[in-house]
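The values are calculated or read from the model by the stated rules, or taken from the named source; none is laboratory data. The shown structure was predicted, so the numbers you read here are calculated from the model rather than taken from an experiment. Reconstructed Cβ throughout: ideal geometry from the backbone, glycine too, with neighbour counts over all protein chains shown. When the accessible area is computed, the model is the full protein with side chains, heavy atoms only, and any ligands, DNA or RNA have been set aside. Shrake-Rupley method; radii C 1.70, N 1.55, O 1.52, S 1.80 Å.
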Amino acid sequence: MDTTTLINLLKSHDWYYHYSDDHSKWINGVQSQRAIYDAMDELGNTDDVKQLYYEYMPKHLFDKIEKANAIHGEIL
C-alpha cells in the first residue's frame with residue numbers, strides 16, 4: 001500500500017453517501033469508507049496519513065469535525 005492508492009480512494013469516495021436514500025449507494029459508501037480506513041491503518045495511521053484524509057474531506061465536513069473536537073480541546 002502506498003499513499004497514491006489512499007489518495008485515489010479519497011478522491012473517488014462519496015463523502016455524502018450517508019445521506020442517500022438509495023441503499024446500494026449507502027452500501028458502496030460504507031465499503032469505500034472501510035477501504036479508506038484499512039488503507040490508513042496499513043500506512044501506519046500517522047499524522048501525515050491523517051492529514052491526507054482531512055485534505056480530501058470536503059471543507060464543511062472538516063469544519064464540523066474541527067468544531068466538535070475543539071469542544072473537547074482537541075486540535076486536528
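Could you please state how large a percent of the accessible area of the chain is carbon and sulfur, counting protein chains only and using a 1.4 Å probe? Show your work: numbers first, answer last.
Working: 2780 of 5380 Å².
Answer for the chain: carbon and sulfur cover 52 percent of the accessible area.
The spread of Cα positions in the chain, taken along each principal axis and listed from longest to shortest, comes to 37, 30, 16 Å. Within the range 26-42, what residues put their amide N at less than 17 Å from the label point 7 Å along the Cα-to-Cβ vector of S20? The answer is 26-37, whose backbone nitrogens lie closer than 17 Å to the label point. Take the Cα of E55, go 7 Å toward its beta carbon, and the backbone nitrogen atoms of the range 1-39 under 19 Å from that spot belong to 1-15, 36-39. Taking all protein chains together and rolling a 1.4 Å probe, S24 ends up with roughly 70 Å² accessible. The count of lysine pairs in the chain whose Cα atoms are under 21 Å apart, excluding pairs fewer than 8 places apart on the same chain, comes to 8.
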